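The values are calculated or read from the model by the stated rules, or taken from the named source; none is laboratory data. Note that the structure is a prediction, hence the values are computed from the model and not measured. Every residue, glycine as well, gets a Cβ built from its backbone with ideal geometry; the counts of neighbours run over all protein chains shown.
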Amino acid sequence: MALQEVSSTGWFGRIGGAIKGIFFGVIFFIGSMVLLVMNERNAVRDISANKEIAQNVVSIENNEVNAANEGKLVHLSGLAKTDDILRNTEFGVEQNAIRLKWNASIYQWVEKSHTKSKKKMSGSESAVTTYEYEKKWVVSPVDSSEFKEAGHDNVGQQKFKTGSVNASLVTLGAFRLPPPLIEKMDASKPLPVTKLPANLEKSGKLTNGLFHTGKDLQTPQIGDEKVEFSIVGKGDVSVMAVQSKDSFFAYKAKNGKEKFLLYDGLLSAEQVVQEEETKAKFLRWILRAGGFFLMFMGIAFVLKPLSVLADIIPIFGSFVGGVTGLIAFLAAAGISLAVIAISWVTFRPVLGITLLALGVVCFVLIVKKLKGSSARRLQGTHP
């Protein structure tokens, strides 16, 4: 059963809150500008570095260490493996693997909430917040003392923790992989636990190779825990790094960008560069979207007092809110495109100028929208 909490804010209180929101809007706007500029700066450096490694890389065989390649950027592929035996002494697990990992979780009550607001005449606003509770597996305990509704108590403490251990010596043919490259290997598979040490037999049991406390994994109780094991075993990898005797270190491009690459699978040098660019491009667009959203929220906060002022008549306030929302969207789009474009003009003039032109279009639409709104108000005043 969900708990509902009703609150009401008067018009003057909303005005005060909206004015305070201007401060946060300015902070959001500045933060978005910094995020966008830094992201585009990194994008330009990343693309330049990727072009550089594509031009300088030398593909080599993994079966011998050639001193002639010392200090050069090299690419090689093959089977990464180890003779190390990795252990988790708490559960008595031993396995020949490149990485042994265990994920611990605990069954807890979790609180979720959502709020619906409704405007009233005279500019006040009522809000109904609904709190809902569900049981689920989580990675760390949830503090139920802060829950709005009693009766959803999370009891007990989490005894088992998540962790991992890596092999100290992983080879790729005649070469040794350094720890930073070993960390990049993530092709894992489940490792069923077959037997528990005597000191854990009273704490829990195994179901399909998974350790858990409580009677039944299918119907867990609050406070029950489970631990799952997985390993990264031997597998084909492709490496691009600077050769240092029989190992590697990161390549530093002319612009300072470092490349220390390992991908699962047997990839050519061209494919490694393409994978790196695809990954970087995905991250760039995520950060661009984040920068745009942050800027939109910042501008919306700055314009918020206008719609609150107009909320004396809710319908009029909703109209003003829609207009200011559209203006915030177009302004954020225009400024974001302008920032991205200016960052790219020096590197890719055609793309930069195109983006700058799109930014100008957004501002033209804003001006037209404002003129249209003014014209409608004049027509309403002078029929």
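Data overview
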{"quantity": "Only listed residue being closer than 30 Å to S247 by Cβ and not aliphatic (A, V, I, L, M), chosen from G173, G204", "calculated": "G173"}
{"quantity": "When residues of the range 128-147 are limited to those that are under 17 Å from E5 (Cβ atoms) and of a type in the set (V, I, T), the one farthest from the chain's Cα centre (by Cα)", "calculated": "V128"}
{"quantity": "Single residue of the range 306-319 satisfying the filter (surrounded by fewer than 19 Cβ atoms within 10 Å (Cβ to Cβ) and not polar (S, T, N, Q)) that is modelled with the highest pLDDT", "calculated": "L306"}
{"quantity": "Given (1) in contact with a Phe, Trp or Tyr (Cβ under 8 Å, 6 or more places away or on another chain); (2) within 20 Å of N62 (Cβ to Cβ); (3) among the aliphatic types (A, V, I, L, M); (4) in a loop (DSSP other than H, G, I, E, B), index of the condition M185 fails", "calculated": "(1)"}
{"quantity": "Residue within the range 220-230 that is of a type in the set (S, T, N, Q) and within 32 Å of the chain's Cα centre (by Cα) present", "calculated": "yes"}
{"quantity": "Among (1) at pLDDT 95 or above; (2) buried (at least 16 other Cβ atoms within 10 Å of the Cβ); (3) of a type outside the set (A, V, I, L, M, F, W, C); (4) under 19 Å from A250 (Cα atoms) - the single one D84 does not satisfy", "calculated": "(4)"}
{"quantity": "Subset of the range 127-146 that is out of contact with any Phe, Trp or Tyr (no Cβ under 9 Å at 6 or more places or on another chain) and part of a loop (DSSP other than H, G, I, E, B) - its residue that is surrounded by the most Cβ atoms within 10 Å (Cβ to Cβ)", "calculated": "P141"}
{"quantity": "Of the criteria (1) of a type in the set (A, V, I, L, M, F, W, C); (2) touching a residue at least 40 places away in the same chain (Cβ under 8 Å); (3) more than 30 Å from A332 (Cβ to Cβ), which one V139 fails", "calculated": "(2)"}
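Yes/no per residue for (1) out of contact with any Phe, Trp or Tyr (no Cβ under 9 Å at 6 or more places or on another chain); (2) surrounded by fewer than 13 Cβ atoms within 10 Å (Cβ to Cβ); (3) in a strand (DSSP E or B):
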{"site": "N63", "(1), (2), (3)": "yes, yes, no"}
{"site": "G71", "(1), (2), (3)": "yes, yes, no"}
{"site": "A80", "(1), (2), (3)": "yes, no, yes"}
{"site": "E90", "(1), (2), (3)": "no, no, no"}
{"site": "Q95", "(1), (2), (3)": "no, no, yes"}
{"site": "K112", "(1), (2), (3)": "no, yes, yes"}
{"site": "K148", "(1), (2), (3)": "no, no, no"}
{"site": "G156", "(1), (2), (3)": "yes, no, no"}
{"site": "L169", "(1), (2), (3)": "yes, yes, no"}
